[in-house]
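Below: one structure, written as structure tokens.
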Amino acid sequence: MKNYRIRLGVSGDLEALLLIESECFSSDVSFNSRQLKYLLAKKSILVATDHTNYAIGQITILIRHHSILNNLRIYNLAVRSPYQGQGIGKALLESAFKKYANQNTKRITLEVEEDSPAIKFYSSFGFKIESKLKGYYTKDKNGFRMVYHTT
Ligand SMILES: CC(C)(COP(=O)(O)OP(=O)(O)OC[C@H]1O[C@@H](n2cnc3c(N)ncnc32)[C@H](O)[C@@H]1OP(=O)(O)O)[C@@H](O)C(=O)NCCC(=O)NCCS
């Protein structure tokens, strides 16, 4: 789909974001309405929208400011299933890099379920598995921390 746009998420996107969450993640790991409202208020979410300005994908970024270096964390990335495989996830990731990363950003990190197909997606961007996170999602659901070094 060529006809999409990427913009900052706003409170009016809440319903669409809940739909993305329910389609892309199981209920034990997905964001709820309260979390999404908080992240929208913090301007942490970029959305990809269709031609009607309705959100069909999102990326959530958290920035940890340290005295010298910033650590950027990709908290969530999801594209609704009918729109996957059309470059929208890649565009969201690139937009987030452009908007949030600066010369003080040395590391971009994320956590992903250990059996997620998204590991390949992130690897193709240069993310590398840094560590295994035992019981990270639920008691039986492990994760990986992946890291991208900007320099
Ligand atoms: C992971 C996800 C965000 C990717 O978004 P997308 O819009 O489908 O990805 P794109 O179309 O931009 O693909 C970008 C590249 O990654 C590759 N890719 C995408 N999904 C892939 C997958 N499941 N397995 C392997 N490679 C994949 C594509 O081939 C493409 O490579 P190319 O540019 O060389 O052709 C999307 O599949 C998704 O929402 N999945 C469910 C939720 C999830 O697992 N999120 C990540 C954990 S936080």
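Tabulated values for the structure
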item: Normalised contact order of segment 29-130, rounded percent, pairs of Cα under 8 Å and 6 or more residues apart; result: 21
item: Rounded to 5, the percent of DSSP beta bridges in segment 5-149 classed as antiparallel; result: 85
item: Cβ-defined net charge surrounding Ile45, 12 Å radius [Lys, Arg +1; Asp, Glu -1]; result: +3
item: Subset of Lys2/Lys139; Lys37/Lys120; Lys98/Lys139; Lys90/Lys141; Lys2/Lys43 violating a 32 Å alpha-carbon distance limit; result: Lys2/Lys139; Lys98/Lys139
item: Stokes-Einstein D in µm²/s, Kirkwood radius over Cα pairs - the chain at 37 °C with 0.692 mPa s viscosity; result: 207
item: Between segment 1-74 and segment 76-151, the alpha-carbon center distance in angstrom; result: 14
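Each value in this text was obtained by applying a stated rule to the coordinates, not by laboratory testing. These numbers were taken from a predicted model, which means no experiment stands behind them. Neighbour counts are summed over all protein chains in view; Cβ atoms, including those assigned to glycine, are modelled from backbone coordinates with ideal geometry.
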